[in-house]
Amino acid sequence: MIPLVKVGMPDRDRLMPALEEVLYSGMIGEGESVYRFETDFSNMFHLKNGLAFSSGTGALHAALHLAGVCDGGDVISTSMTAEPTNLAILHAGGTPVFADVDINSGNISVESVAEKISSKTKAIVVVHYAGIPVRMHDLMALAEAHQIPVIEDCAHALGAKYAGQGVGALGDYAIFSFQAIKHMTTVDGGFLVVKDTSQLQDAKRFRWFGLEKGVAREQVNITDAGYKYNMNNVTATIGLMQLDVIQQRINAHKENGRFFDREIANIQGLSVPVFDVDAEPSYWLYTVLSEDSDKVEQALKDIGVMASKLHRPNHLHSVFECYAGPLPNLNEYYQRMIHIPCGWWLTKEKREQIVDVLSNVCTAR
Ligand SMILES: Cc1ncc(COP(=O)(O)O)c(C=O)c1O
């Protein structure tokens, strides 16, 4: 079966000696490897003020806290995402307010965000869903007009760009996830980007119990309870090795995604996501839109290709039920969408076979 998502590790020959070295170095906690990873990852993706975390969820919690959500208040977000996006809002003490999505891309709709803004809005969280960048110029203009901080959830979108700028560098805060199946994994891990340099120290304290690194333990003073969200030298070592291969992998996702954009758009009865001309997706997943997504899923299964909706709109979970309002576009998008594999593991031959099968499914209807 060709999987929808796949773990990508660096070559064993390079990774294992590096891991052995760090494991027996006597310094496996947060240290030099973590700080080197922060610098190298930031340089590669043109990010400023980057901090490594133990997970994307921890990084999101930190971003929400730094945006002022710890005091309560509404956070405008999307339900069309993985659950951690909105669970982190609850962790921070905020109230999720679900905006509807753009029916053609599945991304949060800027127009719907505009309708949801109120005096209680503390932050806006946007998810570049499946690797497609949100309409960031319009969104940022709206947020700036209301002086509301924007958090980019880039967990699906490493390497995606908007108007030539990498995602993660556009909002007031951004997070990435290095969880097992993302473009790049450190087994588990995350990354926080903070636009305002003056908040970096707060972010570091939040990441590590509220303690200040470098101050003697007998003298250090905790003023706010922080968390245990730091990355360690072992996972950072995996991250450093991943940086040698990640551009190649992202390029393969993009190449496959553009191929599907061209080919599937020509198939009658199917649609492909429509996104802003300024958006350059990194296609973590490819999304096909069909009136019969079950049939598409079955036809691909028959040729050994996994397809799935993958996520459950978050407002359908009991924990978010009380925040759910009408989301007509999301309901329609979710009914029609199906994700198909698009990553570095997909061969040219297999992607052509996928297109052939999709053409036949539609002709046979
Ligand atoms: C959109 C989105 N946001 C946040 C996260 C949380 O990342 P992590 O699993 O690293 O905590 C994930 C991954 O599960 C995700 O897909």
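A few remarks follow.
- Count of the stretch 50-70 residues which are part of a loop (DSSP other than H, G, I, E, B) and either within 14 Å of the ligand (Cβ to nearest atom) or within 16 Å of D153 (Cα to Cα) (or both): 3
- Looking at L300, L285, L270, L327, just one residue is more than 16 Å from the ligand (Cβ to nearest atom) and within 30 Å of Q165 (Cβ to Cβ), and that residue is L327.
- Of the residues screened, D172 is not one that is away from the ligand (no atom under 16 Å from the Cβ) and touching a helix residue (DSSP H, G or I) at 6+ places or on another chain (Cβ under 6 Å).
- Put simply, of S109, S54, S119 the only residue that is open to solvent by 10 Å² or more (accessible area, probe 1.4 Å) and without any contact (Cβ under 8 Å) to a residue 12 or more places away in the chain is S119.
- In the condition set (1) aromatic (F, W, Y); (2) open to solvent by 60 Å² or more (accessible area, probe 1.4 Å); (3) in contact with a His (Cβ under 8 Å, 6 or more places away or on another chain), F275 is compliant with all but (3).
- Residues satisfying the stated conditions in the stretch 183-199, i.e. surrounded by 15 or more Cβ atoms within 10 Å (Cβ to Cβ) and either out of contact with any Leu (no Cβ under 7 Å at 6 or more places or on another chain) or not in a loop (DSSP other than H, G, I, E, B) (or both): T185, T186, D188, G189, G190, F191, L192, V193, V194, K195, Q199
- Residues of the stretch 188-209 satisfying the condition of being within 18 Å of the chain's Cα centre (by Cα) and within 16 Å of the ligand (Cβ to nearest atom): D188, G189, G190, F191, L192, V193
- First in the stretch 176-199 and over 23 Å from V5 (Cβ atoms), second anywhere and near the ligand (Cβ under 9 Å from one of its atoms) and at pLDDT 95 or above, Cβ under 7 Å, 6 or more apart: L192/F53; L192/A59; L192/I175
- Residue satisfying all of: in the stretch 39-49; away from the ligand (no atom under 16 Å from the Cβ) and part of a helix (DSSP H, G or I); most open to solvent (accessible area, probe 1.4 Å) among these: N43
- Of all residues in the stretch 71-88, at least one satisfies being assigned to a loop (DSSP other than H, G, I, E, B), more than 16 Å from the ligand (Cβ to nearest atom) and either under 30 Å from N232 (Cα atoms) or in the same structural domain as Q165 (by TED's automatic domain parsing) (or both).
- Conditions (1) more than 16 Å from the ligand (Cβ to nearest atom); (2) more than 24 Å from V194 (Cβ to Cβ); (3) not in a loop (DSSP other than H, G, I, E, B): number failed by F98: (1)
- Any hit, the stretch 233-251, residues being surrounded by 15 or more Cβ atoms within 10 Å (Cβ to Cβ), assigned to a loop (DSSP other than H, G, I, E, B) and among the hydroxyl-bearing types (S, T, Y): no
- Against the criterion of being polar (S, T, N, Q), assigned to a helix (DSSP H, G or I) and on the phi < 0 side of the Ramachandran plot, S112 qualifies.
- Scoring H317 on the criteria (1) open to solvent by 20 Å² or more (accessible area, probe 1.4 Å); (2) under 22 Å from the mean Cα position of the chain (by Cα); (3) more than 16 Å from the ligand (Cβ to nearest atom) leaves a single failure, condition (3).
The values are calculated or read from the model by the stated rules, or taken from the named source; none is laboratory data. This is a predicted model, so every value here is computed, not measured. FYI the Cβ positions are ideal-geometry reconstructions off the backbone, even for glycines, and counts take in every protein chain you see. Each accessible area value is taken on the protein alone, full model and side chains, heavy atoms only, with ligands, DNA and RNA left out. Shrake-Rupley method; radii C 1.70, N 1.55, O 1.52, S 1.80 Å.
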